[in-house]
Each structure stands twice: as C-alpha cells, then as structure tokens.
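Participant: Take this structure first; my questions come after.
The values are calculated or read from the model by the stated rules, or taken from the named source; none is laboratory data. Not measured: the values here are computed from a predicted model. Cβ placement follows ideal geometry from the backbone for every residue including glycine, while neighbour counts extend to all protein chains displayed. The area values use the complete protein model at the heavy-atom level, side chains included, leaving out ligands, DNA and RNA. Shrake-Rupley method; radii C 1.70, N 1.55, O 1.52, S 1.80 Å.
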Amino acid sequence: MAKELTHYIHGRHVSGKSGRFSDVFNPAIGELSARLPLASRAEVDAAVQSAKKAFPGWAKTTPLSRARVMFKYKELLEKNRDKLAALIGSEHGKVLADATGEVTRGIEVVEFVCGIPHLLKGEFTENVGTNVDSFSMRQPLGVCAGITPFNFPAMVPMWMYPVAIACGNTFVLKPSERDPSAPLLVAELFREAGGPEGVLNVVNGDKEAVDAILTHPDVDAVSFVGSTPIAEYVYHTATAHNKRVQALGGAKNHMIVLPDADMDQATDALMGAAYGSAGERCMAISVAVTVGTAGDALMEKLAPRVRNLKIGPYTDPEAEMGPLVTKQAYERVKGYVDTGVKEGAKLVVDGRGLKLQGYENGYFLGGCLFDDVKPEMKIYKDEIFGPVLSVVRSKTYEDALELVNNHEFGNGTAIFTRDGDAARDFATRCKIGMVGVNVPIPVPMAFHSFGGWKRSLFGDHYMHGSEGVRFYTRLKTITSRWPTGIRSGAEFIMPTMR
C-alpha cells in the first residue's frame, strides 16, 4: 500500500485536509509509491500565517545566531546526504551519483550563507555634509515563498530558502508534486538544527496552491524555477500583487565545437551534459553546433558513445542514466523524437523502444542523437527536457554565434576550443547569462549567482550568491546628524548637504 505524505507547517508534519491527492511514482518500475495531499488555499494560508508569526522574532535574531543555525544545518544535511540522494533517486529516477551531486551542490549554498554576517554588512560614509554621516543596511523582507521543479527536488529549493532564511526572512516552499520526499526531509532537518517553528514550511500542491501563494497578501517575495510559460505567468501574476519576483524559465543550451577543439574532451563533455539526469536539467546541453570540419570528427566519436550508454535504475551503481520522471514525460520526449524524424533530421542513434529486463514498466528512453538539424525544426526550437541531443552543422564561427544569439532562450552556453581569442570573443558577444569555456555545464558555484538572459529569466535578480542576498533584503539608507551642530530655524528649500 502506498504511503501517505504530509505538509510540514509550524515545525511539524500536518496531514492534508483538502481531500485532493496526487500520485507519486517510482519511475524505474512505473509503480505508485506514495499519495501526496494537494493543499487548498486555506492550507497555504496556514503555512503563510505560521511564517508571518515567526518572522518578527527571527528577523530580530542576530545574523551570527542565524549563521550558527546554518552551520548546524549544514552538518545535518551532510550526515543525511545518502538518505536524501536515495529519496531523489526513488522519486525522480536519476542515478545515485547524480543525486548525491545534486545534494552536494545544494549544501554548498547553505555553506555560503554561513557567512551571512559578512554578506549583510552595509556601507558607511562619514561627513557627507558637515557633521552628517550616512550609512546603509540590508533588512529582511518578511514572508518569502519558493515554487520549485521536479528535476532538482533538493538543490533548487536550497538555492532559495537558505539564503532567504539566513537574511532574516521566513519561508514557504511549494515543491514539485512529482518528488516531494526530499523537500520534506530538509525541512525536518532545519528544525532539528535549531530553526524555530514556522521559519521554514512546506506545502505540497498543484496550481491551486501556486495561485494561493502568488496572490496572498502576506507573501512579500516569490522565487520560481520551471518552464518559461509558467515562469512568465508567475512573474506577471505575483508582480501584479506587488511582490518581488525572480522567475527562472526554460533553456535551449548550445555548445559550440570549433575544429581545433580536443574532440575526446568535447565528446566526454557532451555525454555528461546532454544525457546526465536523462537530459532533465535546465543547464543540459541539448544542441551541439559544430563549425566546419568539427562535425564529422565529433560525430565519429560521439555516436558510439551514445549507443553504449549504460542505462538503469538508481540502485544500479554502474548506470550512467536513469528513467524519465513520469510516463507523461516519457511520451512527450518520445513524441519529439518522432517529430524530428518527420522533420527530416537524421536520427543517428534511436533510443525509442528501450526495454530493461526487470524494469519493463519503467519510463526508460535510450539516448537519442540527431544530426543535420536545422534551426527551423521543432526539435531545435523547443526545450525537449529529455535525453535528446541535436547536432547543427555550421560553416563558420560567426554563423554559430548567430544561432546562439537568435534563440529565444539565454540560460547557458559553452564553447570548446584551444583558441583563446575565439573563446574570449564568444564569452563577450554571446547573449547568454552563463557561459562555459571548455566547461559544458557552467553552473556557478554558490558564492556566484545563477540566472539566464532573454526568456530564461523574468525579474531582475539571479539566484544565490550576492544577487540572492540582494533579492531577499531591502536596502535602507540612514543619514544622521546629532543635536550639537543643528542650526536653528526652519528651512523651506530642498535640503542640500553643505
């Protein structure tokens, strides 16, 4: 019998009251593993009110005390790294090594905000006018909320709530209903680390819960990661309700391969970047743009590697790629492969029809590799979010750069070359938020910030790093003068500094 999951509100697990549930599956075997309650507006309000109640006390807690909670939290996350990875593998499907890496990257954000006393320091200027000083401080916003996707059920939430909470805010997390167990566990561990009741709450739900968050009068800021249509909806809906918003959307990440590139290195990079996590990453490389003679050289090495991908469940230590997250995702990605064939692209490696012994009902799709893909094709334009790599052949470097810049998404990109001048030019001229030079997935470390350009980001702030601290705080500037030097008499002109 499938277990029944809960919400996590005011420091404890709370059963769902709406009467609505969603099914959580193990994607490796295609079987139901849990039933998840879907929150009503009233249940979302309960989480928000808990966070609102906790905010004044938490905001008054010194940054050093908040940092000490984060140090303890980091320790507990590290102790539970394997447990978190197993939960992710069982509900998302990614192999254990990949799931463990996800947890590690999330912990790095917690590690970053352990330095919050330094990160919150303001500026001070003595004598901006005679005996007048001016200084600034960063103060928390209030109740913040995060709406996160299925593909990184631990890491993406950790891009949000540790930064928000360390800055003195309280938080309501609405994780994906596809893989909710890891987010529930990280909330438990935060409470164990000494986080007060109500500082971190988790409500599970669907669009009803999302809309309740976006329109709730007591939610001050919303962070989102997901598809571009939903990111745009989140941004416009929440800002219309006077909230601060950062909404990260979709991607179609290109990797440029120049003829002088180390083809073994480029092939290794593409294998991990295109097929790792079954391509269900917003930073996955889904288009390889080869320049000139690089096309044949790359395909010669790449095709046999794709054919020999080791595919299996998360429990298989030798597996390089697991299943897609749901049956619907499997059918959608398979449909894109069908479309690519109809459009005239050359399907060099066909992963359709893969069946693993003992896992015949799992959502496994083999690695797919297209050659001679054209920019007008649907498989080029759309974010497929699966183990499908498209190779586009370009005559010149300038043509390749134009492809990158003309696409509607601007999340990540990479160039592989030994030519420093070409790499520098590409990094300077590409209209993309995150750029790798001989690095296929240029996800910034926690002390830098993550975000794209164009229709990959709605809002003005990236996530984590210094941008995250700015997003979750308000700037206040104080100008002060003490009584001894104050001139007598009223002034009726615009104040100026003398």
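Participant: State all residues of region 39-56 that are open to solvent by 50 Å² or more (accessible area, probe 1.4 Å) and not aliphatic (A, V, I, L, M); if no residue qualifies, say none.
Facilitator: R41, D45, Q49, K52, K53, P56
Participant: If you go through region 183-195 one residue at a time, do you hit one that is in contact (Cβ under 8 Å) with a residue 60 or more places away in the chain, out of contact with any Phe, Trp or Tyr (no Cβ under 6 Å at 6 or more places or on another chain), more than 19 Å from M70 (Cα to Cα) and open to solvent by 10 Å² or more (accessible area, probe 1.4 Å)?
Facilitator: No, the conditions are met nowhere in region 183-195.
Participant: Kindly establish whether V337 is touching a residue at least 12 places away in the same chain (Cβ under 8 Å), within 21 Å of E91 (Cα to Cα), open to solvent by less than 10 Å² (accessible area, probe 1.4 Å) and among the β-branched types (V, I, T).
Facilitator: So V337 fails the test.
Participant: Got a sec? Which of A67, A97, A54, A59 is closer than 26 Å to F385 by Cα, in a helix (DSSP H, G or I) and over 16 Å from the mean Cα position of the chain (by Cα)?
Facilitator: A97
Participant: Something else now. Any idea how many residues of region 125-141 are more than 17 Å from P63 (Cβ to Cβ) and either at pLDDT 95 or above or in a strand (DSSP E or B) (or both)?
Facilitator: Final tally of qualifying residues: 8.
Participant: Here's a follow-up. Out of the residues in region 155-192 that are within 15 Å of the chain's Cα centre (by Cα) and among the hydroxyl-bearing types (S, T, Y), which is nearest to A28 (Cα to Cα)?
Facilitator: S176
Participant: Does L270 satisfy being open to solvent by less than 10 Å² (accessible area, probe 1.4 Å) and among the aliphatic types (A, V, I, L, M)?
Facilitator: yes
Participant: Under 7 Å between Cβ atoms, at least 6 apart or on separate chains: pull out the pairs that start in region 457-471 with a residue that is more than 23 Å from K252 (Cβ to Cβ) and open to solvent by less than 20 Å² (accessible area, probe 1.4 Å) and end on any residue that is polar (S, T, N, Q) and not in a loop (DSSP other than H, G, I, E, B).
Facilitator: Once the first residue is more than 23 Å from K252 (Cβ to Cβ) and open to solvent by less than 20 Å² (accessible area, probe 1.4 Å) and sits in region 457-471, its partners that are polar (S, T, N, Q) and not in a loop (DSSP other than H, G, I, E, B) give F471/Q246.
Participant: How many residues does region 1-51 hold that are touching a strand residue (DSSP E or B) at 6+ places or on another chain (Cβ under 7 Å) and part of a helix (DSSP H, G or I)?
Facilitator: Of the residues in region 1-51, 6 are touching a strand residue (DSSP E or B) at 6+ places or on another chain (Cβ under 7 Å) and part of a helix (DSSP H, G or I).
Participant: What's the number of the condition L401 fails, among (1) under 25 Å from R305 (Cβ atoms); (2) surrounded by 20 or more Cβ atoms within 10 Å (Cβ to Cβ); (3) at pLDDT 95 or above?
Facilitator: Tallying (1) under 25 Å from R305 (Cβ atoms); (2) surrounded by 20 or more Cβ atoms within 10 Å (Cβ to Cβ); (3) at pLDDT 95 or above, L401 fails exactly one: (1).
Participant: Continuing with this model, one more query. Can you go through G485, G452, G489 and tell me which one is surrounded by 21 or more Cβ atoms within 10 Å (Cβ to Cβ), farther than 18 Å from A166 by Cα and at pLDDT below 95?
Facilitator: G452
Participant: Here are some conditions: (1) more than 22 Å from L356 (Cβ to Cβ); (2) assigned to a helix (DSSP H, G or I). V289 meets all but one. Which one does it not meet?
Facilitator: Tallying (1) more than 22 Å from L356 (Cβ to Cβ); (2) assigned to a helix (DSSP H, G or I), V289 fails exactly one: (2).
Participant: Of the numbered conditions (1) of a type outside the set (A, V, I, L, M, F, W, C); (2) open to solvent by less than 10 Å² (accessible area, probe 1.4 Å); (3) not in a helix (DSSP H, G or I), D260 satisfies every one except a single condition; which is it?
Facilitator: Failed condition: (2).
Participant: Restricting to region 190-229, count the residues that are over 19 Å from A39 (Cα atoms), assigned to a helix (DSSP H, G or I) and of a type in the set (V, I, T).
Facilitator: The number of residues fulfilling the criteria is 1.
Participant: Another question about this same structure. With the structure loaded, tell me whether G129 is at positive phi and in contact (Cβ under 8 Å) with a residue 60 or more places away in the chain or whether it fails that test.
Facilitator: The answer is no for G129.
Participant: Something else: Could you say whether any residue in region 361-376 is under 23 Å from L298 (Cβ atoms), open to solvent by less than 50 Å² (accessible area, probe 1.4 Å) and among the charged types (D, E, K, R)?
Facilitator: Yes, that holds for at least one residue.
Participant: Report whether or not F112 is open to solvent by 10 Å² or more (accessible area, probe 1.4 Å), under 28 Å from V222 (Cβ atoms) and among the aromatic types (F, W, Y).
Facilitator: yes
To keep it simple, each residue is scored yes or no on (1) among the basic types (K, R); (2) at pLDDT 95 or above; (3) in contact with a Leu (Cβ under 6 Å, 6 or more places away or on another chain); (4) farther than 16 Å from M158 by Cβ.
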{"position": "I29", "(1), (2), (3), (4)": "no, yes, no, yes"}
{"position": "L36", "(1), (2), (3), (4)": "no, yes, yes, yes"}
{"position": "V69", "(1), (2), (3), (4)": "no, yes, no, no"}
{"position": "E78", "(1), (2), (3), (4)": "no, yes, no, no"}
